[in-house]
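Enquirer: Quick one: this structure, given as structure tokens, is what I'll be asking you about.
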Amino acid sequence: MKRSDVFEVLEPPAHGWARLQARLEERPPRRWPWALALAAALLLAVVLWPRAHEVPVTLTRSASAVALGLEARGPALAAVEGAAEAVPSSDPNVLLYRIAMVEAD
């Protein structure tokens, strides 16, 4: 039994190879001019964006110290008998305390 008896013999379409080669040799469309124009537009929009709604933030020395944790802001805390209760922790390097609110005298 021959292969041609089992399978139908198909002929390729006319000029198929020539069309494929021409399509492969075409230059792809240039996309970098569009990307460059888009990047320039975004840069221009960022530079020219109105900044009237922004308020300049300046940190004073005390605000910087509070932000760094060197100073405490707010009312001074006083140690009151029974205001803090130690809570057990699974890690011996961690100390947990439950703090109660106490009225000032």
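Enquirer: Is one or more of the residues making up region 4-27 under 36 Å from the mean Cα position of the chain (by Cα), modelled with pLDDT under 80 and part of a loop (DSSP other than H, G, I, E, B)?
Expert: No - not one qualifying residue is present in region 4-27.
Enquirer: Would you be able to say whether some residue in region 56-64 is in a loop (DSSP other than H, G, I, E, B), modelled with pLDDT under 80 and surrounded by 10 or more Cβ atoms within 10 Å (Cβ to Cβ)?
Expert: yes
The values are calculated or read from the model by the stated rules, or taken from the named source; none is laboratory data. Since we're looking at a predicted model, the values are computed, not measured. Methodologically, a virtual Cβ is constructed for each residue, glycine included, from the backbone with ideal geometry; neighbour enumeration extends over all protein chains shown.
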